[in-house]
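K.L.:
My structure is below; once you've seen it, I'll send some questions.
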Amino acid sequence: MLFAVLLIATVGCDHATKQIAQARLEPLGVVSLAADTVRLELAANPSGFLGLGARLPEELRRSLFVVLVPCALLGISLLLLRAGPVDTRRLLAAALIGGGGLANWLDRLLHDGAVTDFVSLGVNGLRTGIFNVADVAILAGVALALLQPRAQRPLGSGS
């Protein structure tokens, strides 16, 4: 039940921020915040995270990002849930990966194969590509999944 709530919350947060971005950013163009460290600008992204796969032929790109990537993210979520005892970290990781993947997949279905991106980060001339909340959720989930819990050392075992 907790997994479902976290997954739905991830999808809901992503779609709420995308709706706000679509309503508020389009007429404004680029909004610069924190001395241009954060930029908000609307972009329809037919490729993957930070433009990965942008140069692929359209048919292949569509198949990859509308079918293969969502299935892979679902598979990763299921593997995390079935790979032994499910602790809070693993449950959260699976929900973030699954929720982020589901959110972007739904966005692609609604917007002719593209996702709505609207945030980029940068310092001086160095900038990320434009991304969204679902992308952040997927990355956070992967980071949580890769974190290994620290081994417990018995008391008095030294440093």
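Every read-out reported here was derived from the displayed coordinates using simple, explicitly stated rules and does not represent laboratory data. A quick note: this is a predicted structure, and the numbers were derived from the prediction, not measured. For neighbour counting, all protein chains shown are included, and Cβ atoms are generated from backbone atoms with ideal geometry for every residue, glycine included.
K.L.:
Can you bin the stretch 14-59 into rounded, prolate or oblate? Criterion: square roots of the alpha carbon gyration tensor eigenvalues sorted a ≥ b ≥ c, rounded for a/c under 1.5, prolate for a/b above b/c, oblate for the rest. The partial results should precede the final answer.
P.N.:
Working: a/c = 2.44, a/b = 1.67, b/c = 1.46.
Cα axes put the stretch 14-59 in the prolate bin.
K.L.:
Provide the packing ranking of 88-98, 6-16, i.e. peptides ordered by the mean count of other C-beta atoms within 10 Å per residue, highest first.
P.N.:
Numbers: 88-98: 21.5, 6-16: 18.5.
Packing order, densest peptide first, comes out as 88-98, 6-16.
K.L.:
Here is a follow-up. Under the Karplus relation 6.51 cos²θ - 1.76 cosθ + 1.60, θ = phi - 60°, what is the ordered set of whole-Hz ³J(HN,Hα) values for the stretch 37-51, x standing for Gly and Pro?
P.N.:
Karplus values, whole Hz, x for Gly and Pro: 5, 10, 10, 10, 7, 7, 8, 8, 10, x, 9, x, 3, 6, x.
K.L.:
Let me ask something else about it. So if each residue of separation counts as 0.36 nm, and I subtract the Cα-Cα distance between Ile20 and Val86, what length gain in nm does that give?
P.N.:
Numbers: separation 66, 0.36 × 66 = 23.76 nm, distance 3.47 nm.
Contour length minus the Cα-Cα distance gives 20.3 nm.
K.L.:
Taking loop as defined by DSSP and a crowding limit of 15 other beta carbons within 10 Å, which trypsin sites (Lys or Arg not before Pro) in the stretch 1-87 fit?
P.N.:
Listed in order of number, the matching sites are Arg55.
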